[in-house]
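The next block holds one structure in the form of structure tokens; read it before the comments.
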Amino acid sequence: MIYFSNIKISSILLVIFIALMFAIPNFFSKDQLNSFPSFIPKQQVNLGLDLQGGSHLLLEVDTVEIIKERLENLNSDVRRVLKKNNIQYSNFKNTDDNLKFVVEEFPAEIQKEISELSISNSQNILQMGDQTNLVILREENEVSISFTDEFVKLAVSNAVAQSLEIVRRRIDELGTREPSIQRQGSSRIIIQLPGIDDPDRIKALLGQTAKLTFQLVDTSTNYDPLNPKKAPVGSEILPSDADDSFKYIVKKRVMVGGENLVDAQPGFDPQTNEPIVSFRFDRLGASKFGRVTQQNVGKPFAIILDDTVISAPVIREAILGGSGQISGGFDSDEANDLAILLRAGALPAPLIILEERSVGPDLGADSIEAGQYAAIIGFVAVILFMMFVYRYFGFLADIALIINLFMVLGILSLFQATLTLPGIAGIILTIGMAVDANVLIFERVKEEIRSGSKMINAVENGYKRALSTILDANITTLIAAVILFFMASGPVRGFSITLAIGIFTSVFTAFTFTRLLISIYAKSLKPSLVGMKIND
Amino acid sequence: MIDIANTKIDFLKSRIITFIFSSILVVLSFGAFFVSGLNFGIDFKGGTLIEIETENEIEIAGLRDNLNSLSLGDVQVQEFGSKNNLLIRVEQQSGGDQIQQNVVEIVKTSLNSYLSSEVNFRRTEVVGPKVSGELIQSGAIAILAAVFAMLIYIWFRFEWQFSLGAVVALIHDVILTIGVFSITQLEFNLPIIAAILTIVGYSMNDTVVVYDRVRENLRKHRSKNIIDLLNLSINETLSRTIVTSVTTLLALLSLFIFGGEVIKGFTFAMIWGVVVGTYSSIFVAAPLLNYLDVKREWNTTSAVDSTR
């Protein structure tokens, strides 16, 4: 065990050398690195948001809203079928997850027609095959209609995928440095924004669904503050963006929607110098818009964003070119953001911000500095203590500890794992715990010598005896690190990573590098000294 | 040179006293937990945390009154490391996740108008009710899963008696850590869960080293009285136990003193855990084997043996 073949020695040294090569870039600046020869790796440790500064946002797609909207669409279709077949119904209502109404009779063919309705309804949205995606239940006279679980799942999944894409587009439009946007679980999105410590603007951008519609203003009646809910059939009351007290009555029918936009750009009105957003419709949108404006010259139409009227200009002449502009008393930043939102498209459902963690760049820098300071002082303390307790062997363990730290850094850089503040704590904890494997071995060797073994045999037996203890002891810590890795997210996860890497490197160095050093030392002793004790 | 080898301390002599001592600590921990509870941070309670830095010293009482008049519920303001650094905590708002988001803006606006000097917002954390509920749950599951995994691992590598003894010591350490956080009312947040998991790993590590020696001695000295055998095993591993605890504590103390305010609580938990974990390996885990009727006839050709 104490004799190493040349191949073994070279492979141990090679592994250590490779780790060192990958650790080295962390001690130089980016500029210095670029001037190095190309065979030296350039990757540095990837710093977590808590160290480099940045913002973490956890969003959830409002899935209740998706189903609610689908049910509202279904509502009018079901009513139409009932009316067409002269079925008397009452108490028709929408809840969050079903439609309910009371009927005297509900023949099977009507039920079939309704369930077929869902097929035609679904085909243009989702591929569900020929199966119905409605569950129709009848209890006495009350009928309830809801979507099947598969349909709900598919609808939510599609909405989340679509939201992810739109969130990505909106953030990309802002030109953020290396954003990371990922889906988490069934309905969540995690956004990591390095270098952004005040995500107010991004939050504002993500907080809007940005559903843009053009609808005609209902001029048949005026908004009556005494009767705030009364709107003619087919019309709705919407608030004004500019004036909180003012309300518009607009026709529910949508002339053109945001999905027909192909471009939107911020700019200034050449006459008033007011910030505006100019937009262009696709061919379908342009012809729809042209037709409606032609028929309604002289009447006002409303530009509506997320159920709020931005402005309601009067149509002076038919707009046939397929382009137009929105002005609504916003400043140039707002115009810019609105253009971004319109270009990126509307979210299928509102996003809710569940969690936000933002760290400013100087707190991150302070944390790195404090972490380095603590690491160096802890390291020196451990090194001196080991030399004090084990003298020469302690010195060997210290060399192994240094190599250990380089290996942790090298592995972090190689795999581009993220180093966080708790991750630095994990490295410092490793400094304290990494010597354990060597301590276990040295204690064994000491015992062997005490019981009269020769140095070489003592080293050999010490290693043999300590092996299973070292494995058992490190596997328990590794189990804890693995569980932490799977349960935690963000900075705390970084701790489990460095802890686990530290366990591997410390066991590795104890069984290869220190062992090599000790065997060289033991063999170098003069035969007369071979029986000597370690602590004299 | 201090030589801690060849000690012959009778650790088990005072086992009744140390058991009573540990039991009192456990009862105290439970008491503190049920009386005052843990001071949950926003990770588990939800709410908003803002760390600010200003050029001039800030009069905390005035700022606290100002922020408490915003009708955001309870607002705590405390010094964080230095007089120019303050930590502001706003309790969770009722009305769901959406409402939480407004708090940051309201507090920022108020701070900018109240404080004459430039305010540097160093850190902003907002945790809504949904996430905080999930974090509590996954934290508790993680600790239970870790303890359970240790139980299985030790059972697999040793015998059920060892497994039981080790897990009792482990639960002892976890309870004492939760106890010290209940008594001191230090903030209990997500990194503390990580610290407890590390304590679970470390405490087990320490116990395993002692148990390994117990098993070895059970084979070596078949006729030795179990109490003498346990004492021998603890003494034989004592210098390793002390050296490793000291190096780990040296590293952690350095982190505690120089590592900055943000991870102080985390480091404190781990220092406490190392002390308690070392104590429990010697005074809880090992003496328990005396009562658990460990097997004396180890099969020398078992699978465990073949690894040596």
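The values are calculated or read from the model by the stated rules, or taken from the named source; none is laboratory data. Predicted model only: the values in this text are computed from it and were never measured. Counting neighbours? That spans all protein chains shown, and the Cβs are built from the backbone with ideal geometry, glycine included.
Here are the numbers:
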read-out	value
Residue within region B:110-123 that is among the aromatic types (Phe, Trp, Tyr) and closer than 12 Å to B:Ile50 by Cβ present	yes
Residue satisfying all of: in region A:416-435; outside any helix (DSSP H, G or I) and either within 14 Å of chain B (Cβ to nearest Cβ) or modelled with pLDDT of 90 or more (or both); surrounded by the most Cβ atoms within 10 Å (Cβ to Cβ) among these	A:Leu419
Scan of region A:321-334 for residues that are in a loop (DSSP other than H, G, I, E, B) and more than 11 Å from A:Arg280 (Cα to Cα), ordered by number	A:Ser327, A:Gly328, A:Gly329, A:Phe330, A:Asp331
Any pair with Cβ under 9 angstrom, 6 or more apart, that starts in region A:412-435 at a residue that is under 18 Å from B:Val262 (Cα atoms) and in contact (Cβ under 8 Å) with a residue 40 or more places away in the chain and ends at one that is assigned to a strand (DSSP E or B) and not basic (Lys, Arg)	A:Leu419/A:Asn46; A:Leu419/A:Leu47; A:Thr420/A:Leu47; A:Ile427/A:Leu419
Residue within region A:40-63 that is farther than 30 Å from A:Pro422 by Cα, touching a Pro at 6+ places or on another chain (Cβ under 8 Å) and not β-branched (Val, Ile, Thr) present	yes
Given (1) under 24 Å from B:Pro287 (Cα atoms); (2) at pLDDT 90 or above; (3) among the hydrophobic types (A, V, I, L, M, F, W, C), number of the condition B:Phe181 does not satisfy	(1)
Enumeration of residues in region B:206-231 that are without any contact (Cβ under 8 Å) to a residue 60 or more places away in the chain, within 12 Å of chain A (Cβ to nearest Cβ) and not basic (Lys, Arg)	B:Val208, B:Asp212, B:Glu216
Any hit, region A:196-206, residues being in contact (Cβ under 8 Å) with a residue 12 or more places away in the chain, among the small types (Gly, Ala, Ser), within 14 Å of another protein chain (Cβ to nearest Cβ) and in contact with a Leu (Cβ under 9 Å, 6 or more places away or on another chain)	no
Matching residues in region B:38-82 - criterion: being within 14 Å of chain A (Cβ to nearest Cβ) and either among the basic types (Lys, Arg) or without any contact (Cβ under 8 Å) to a residue 12 or more places away in the chain (or both)	B:Lys45, B:Ser82
Matching residues, region B:284-308, being in contact with a Leu (Cβ under 9 Å, 6 or more places away or on another chain), part of a helix (DSSP H, G or I) and either at pLDDT 65 or above or closer than 13 Å to B:Arg219 by Cα (or both)	B:Ala285, B:Ala286, B:Pro287, B:Leu288
Where B:Val131 falls short, out of the listed (1) more than 16 Å from B:Met270 (Cβ to Cβ); (2) at pLDDT 90 or above; (3) among the aliphatic types (A, V, I, L, M)	(2)
Options B:Ser71, B:Ser22: the member that is outside the structural domain of B:Val119 (by TED's automatic domain parsing) and more than 25 Å from B:Asn120 (Cβ to Cβ)	B:Ser22
Only one of B:Thr177, B:Thr237 that is in contact with a helix residue (DSSP H, G or I) (Cβ under 8 Å, 6 or more places away or on another chain), more than 7 Å from chain A (Cβ to nearest Cβ), buried (at least 23 other Cβ atoms within 10 Å of the Cβ) and under 22 Å from B:Lys13 (Cα atoms)	B:Thr237
Selected residue (criterion: nearest to B:Leu170 (Cα to Cα)) from residues of region A:482-496 that are more than 7 Å from every other protein chain (Cβ to nearest Cβ) and buried (at least 24 other Cβ atoms within 10 Å of the Cβ)	A:Ser496
Number of the condition not met by B:Asp10 [criteria: (1) surrounded by 12 or more Cβ atoms within 10 Å (Cβ to Cβ); (2) part of a helix (DSSP H, G or I); (3) not assigned by TED's automatic domain parsing to the domain that holds B:Arg123]	(2)
Residue that is nearest to the chain's Cα centre (by Cα), among those in region B:81-130 that are over 14 Å from B:Arg64 (Cα atoms) and charged (D, E, K, R)	B:Glu125
Top-ranked residue in region B:107-141 [being away from chain A (no Cβ under 11 Å), in a helix (DSSP H, G or I) and in contact with a strand residue (DSSP E or B) (Cβ under 9 Å, 6 or more places away or on another chain); ranked as surrounded by the fewest Cβ atoms within 10 Å (Cβ to Cβ)]	B:Asn112
Strands (runs of 3 or more DSSP E) lying entirely in region A:49-104 (those with 2 or more residues that are out of contact with any Phe, Trp or Tyr (no Cβ under 9 Å at 6 or more places or on another chain))	A:54-61
Those residues of region A:446-476 which are in contact (Cβ under 8 Å) with a residue 60 or more places away in the chain and either crowded, with 24+ Cβ neighbours inside 10 Å or facing another protein chain (nearest Cβ under 9 Å) (or both), in sequence order	A:Lys446, A:Arg450, A:Val459, A:Lys464
Checking A:Thr219 against (1) of a type in the set (S, T, N, Q); (2) part of a loop (DSSP other than H, G, I, E, B); (3) without any contact (Cβ under 8 Å) to a residue 24 or more places away in the chain, the condition it does not meet	(3)
Any hit, region B:269-281, residues being part of a helix (DSSP H, G or I), of a type in the set (Val, Ile, Thr), in contact with an Asp or Glu (Cβ under 7 Å, 6 or more places away or on another chain) and over 19 Å from B:Ile16 (Cα atoms)	no
Looking only at region A:343-375, and only at residues there that are at the interface with chain B (Cβ under 8 Å from one of its Cβ atoms) and within 16 Å of A:Lys203 (Cα to Cα), the one that is surrounded by the fewest Cβ atoms within 10 Å (Cβ to Cβ)	A:Ile353
Residues of region B:203-227 satisfying the condition of being surrounded by fewer than 23 Cβ atoms within 10 Å (Cβ to Cβ) and hydrophobic (A, V, I, L, M, F, W, C)	B:Leu218, B:Ile226, B:Ile227
Residue that is nearest to A:Val256 (Cα to Cα) [pool: residues in region A:287-320 that are in a strand (DSSP E or B) and not aliphatic (A, V, I, L, M)]	A:Phe301
Within region B:50-74, tally of residues that are part of a strand (DSSP E or B) and buried (at least 21 other Cβ atoms within 10 Å of the Cβ)	4
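Rundown of residues vs (1) crowded, with 19+ Cβ neighbours inside 10 Å; (2) not assigned by TED's automatic domain parsing to the domain that holds A:Pro491, yes/no style:
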site: A:Ile12; (1), (2): no, no
site: A:Lys42; (1), (2): no, no
site: A:Arg79; (1), (2): no, yes
site: A:Leu99; (1), (2): yes, yes
